[in-house]
Amino acid sequence: MAQEQRLELRLSQKLILTPQLQQSIKLLQLPILELSQDINQELMNNPLLEEGTDNRNDREAEPSDSRLDEDGFKEPVSDMETPLEKLFGYTSDNYFEERESDGRDLGYFNDQQEEMLSPFERNRSKDSLYDHLLWQLRLSHTTENTRQTAEIIINSLNEDGYLKSTVEEMAALAKIDLDTAQEALTLIQSLDPAGVGARDLQECLLLQLEPLNLKASLVEKILLDGFSELETKKYKQLATRFESTLDEIIEAIKIIERLEPRPGRNYSSDEILHIIPDVYVEESEGKFIITLNDEGIPRLRLSNYYRKMLANKKSLGVEEKNFLEEKLRSAVWLLKSLDQRNKTIYRVTESILRIQEDFFRKGFNYLKPLNLKVIAEDLGMHESTISRVTSNKYIQCPQGLLNFRYFFSNAVQTASGDISSSTVKDLIKLTISEEDPLKPLNDNKIVEMLASKGIKVARRTAAKYREELKIPSHLKRKKWF
């Protein structure tokens with residue numbers, strides 16, 4: 001087949017996202033903590049951006065006129081804005097002008113606070129499960145091959161102390177025989193905490209019996225041969241199988257409940273993450289006030305020093321001038337993107353507040369069905385924009401700290417009209433919380449109680465909502481003692 005070269009002219013339409021537009025979209029969907037990190041990264045990369053302080057510090061930070069004379073950068077004050085006006089049509093010195101002199105503490109450590117901390121407070125940390133097991137392993141008497149294999153297995157444990165790999169996989173990874181790998185696993189399972197190195201919950205609980213002198217007891221029999229009945233709480237069947245009284249079974253169950261299902265829990269290094277709201281909604285004199293949370297976000301401004309350098313074109317080479325102009329464009333676009341982000345979040349919150357006003361005033365039972373399309377049509381925006389604004393963001397309101405997505409739910413038909421599926425879930429959760437633990441409600445009973453309140457849903461719908469709330473079935477919720 002002969003090859004030939006041809007020149008063709010084609011017309012086509014494509015949607016191309018510029019880097020600036022991609023940055024705007026990214027900033028729009030970032031929650032407040034990630035936004036703060038992103039801005040701090042821009043501060044490090046762009047010399048045209050600087051963090052604003054109070055007026056007094058700004059004056060101290062600015063170069064003196066004498067320094068400008070020496071470097072040849074001094075320009076008349078009236079010409080300071082010229083590069084911005086010509087290139088970008090942007091003249092604001094500080095995007096956060098309203099925060100310029102509020103004296104707000106951004107929550108950073110200063111030098112004096114750092115000095116007040118003792119060395120123990122600065123470097124205080126808890127040993128990890130890996131370090132705790134490795135310390136015991138080094139004190140044990142075993143062969144070098146077993147020790148190396150045990151260290152590989154320790155490194156393969158998850159944060160709860162479970163081994164999700166097989167012994168065969170560990171042997172292949174360590175390039176040793178199967179017997180040595182099994183010996184290493186047995187060694188790890190003898191270490192503290194009891195139950196570590198187990199491959200499932202059943203094995204984890206069984207490993208904890210020997211230190212308690214419960215081998216060959218009724219507890220071990222239940223864990224070995226009655227684990228499925230134990231999970232479904234079929235205690236009468238366990239009593240029949242092991243020829244024991246129900247009281248004896250219940251006493252054994254009490255011991256099992258005191259065992260640790262997650263041996264590595266106390267050695268977890270995970271810290272509790274507190275959710276920071278992106279928006280505050282407060283009621284004052286019958287009106288709701290929307291406030292965007294900007295705590296911890298650096299107050300950005302354009303650097304006067306570099307702008308003065310850019311104003312005097314004769315003092316710069318071609319490369320320096322191009323570099324500063326590019327960084328200036330990037331800085332101005334970032335400020336505009338932040339401005340657009342704040343305005344969009346405010347408008348979306350305002351629209352939700354207007355539609356869900358009864359919820360904010362009267363409570364959870366008055367939440368209305370809502371979808372992204374309604375907000376998009378109300379604001380004249382695209383649904384994808386509303387989706388980005390409401391993802392991974394939280395609002396602090398009189399009803400508590402809620403995810404923005406909480407206000408968007410499907411409609412459920414009732415005798416008095418459509419209500420939000422979130423309201424139905426809240427009612428199911430409330431109904432189950434008030435049930436008798438000795439006689440928990442099944443899904444049919446939940447449906448009947450909802451019907452008594454004028455809410456008619458199918459049993460499978462109630463079961464689906466219960467599962468979405470991560471509430472187990474009535475058999476697993478039942479308490480025997």
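The values are calculated or read from the model by the stated rules, or taken from the named source; none is laboratory data. Since the structure is predicted, the reported quantities are computational estimates derived from the model, not experimental observations. Backbone-built Cβ (ideal geometry, glycine too); neighbour counts: all protein chains shown.
Things worth noting here:
- Extreme residue, surrounded by the most Cβ atoms within 10 Å (Cβ to Cβ), among residues of region 338-365 that are among the hydroxyl-bearing types (Ser, Thr, Tyr) and touching a residue at least 40 places away in the same chain (Cβ under 8 Å): THR349
- All of (1) modelled with pLDDT of 90 or more; (2) closer than 24 Å to PRO440 by Cβ hold for SER228 with one exception: (1).
- Taking the conditions (1) in a helix (DSSP H, G or I); (2) under 32 Å from the mean Cα position of the chain (by Cα); (3) without any contact (Cβ under 8 Å) to a residue 60 or more places away in the chain in turn, SER165 satisfies each one other than (1).
- Look at (1) over 32 Å from the mean Cα position of the chain (by Cα); (2) at negative phi and you find that ARG299 fails only one, number (1).
- In the condition set (1) more than 20 Å from ASN266 (Cβ to Cβ); (2) in contact with a strand residue (DSSP E or B) (Cβ under 9 Å, 6 or more places away or on another chain); (3) assigned to a helix (DSSP H, G or I), ARG199 is compliant with all but (3).
- Of all residues in region 135-151, those being without any contact (Cβ under 8 Å) to a residue 24 or more places away in the chain and either closer than 19 Å to ARG199 by Cα or assigned to a strand (DSSP E or B) (or both) number 1.
- Odd one out for ASN403 among (1) closer than 30 Å to LEU49 by Cα; (2) modelled with pLDDT of 90 or more: (1)
- Any hit, region 269-289, residues being in a loop (DSSP other than H, G, I, E, B), aliphatic (A, V, I, L, M), under 26 Å from THR385 (Cα atoms) and at pLDDT 85 or above: yes
- Meets criteria (touching a residue at least 24 places away in the same chain (Cβ under 8 Å) and within 26 Å of TRP135 (Cβ to Cβ)) for ILE188: yes
- Selection of region 441-465 for residues being buried (at least 18 other Cβ atoms within 10 Å of the Cβ), of a type outside the set (A, V, I, L, M, F, W, C) and without any contact (Cβ under 8 Å) to a residue 40 or more places away in the chain yields only ASP443.
- Residue that is surrounded by the most Cβ atoms within 10 Å (Cβ to Cβ), among those in region 225-258 that are part of a helix (DSSP H, G or I) and hydroxyl-bearing (Ser, Thr, Tyr): TYR235
- Near pairs, Cβ below 8 angstrom, 6+ apart or cross-chain, from region 388-413 (within 15 Å of GLU350 (Cβ to Cβ)) to any residue that is of a type in the set (A, V, I, L, M, F, W, C) and in a loop (DSSP other than H, G, I, E, B): THR390/PHE408; PHE407/LEU367
- Being within 34 Å of the chain's Cα centre (by Cα), surrounded by 12 or more Cβ atoms within 10 Å (Cβ to Cβ) and within 28 Å of ILE355 (Cα to Cα) is true of SER421.
- Residue match in region 175-185 (condition: surrounded by fewer than 18 Cβ atoms within 10 Å (Cβ to Cβ), at pLDDT below 90 and either part of a loop (DSSP other than H, G, I, E, B) or not assigned by TED's automatic domain parsing to the domain that holds LEU205 (or both)): yes
- Some residue of region 265-272 being free of Cβ contacts under 8 Å to residues at least 40 places away in the same chain and either surrounded by 13 or more Cβ atoms within 10 Å (Cβ to Cβ) or under 37 Å from the mean Cα position of the chain (by Cα) (or both): yes
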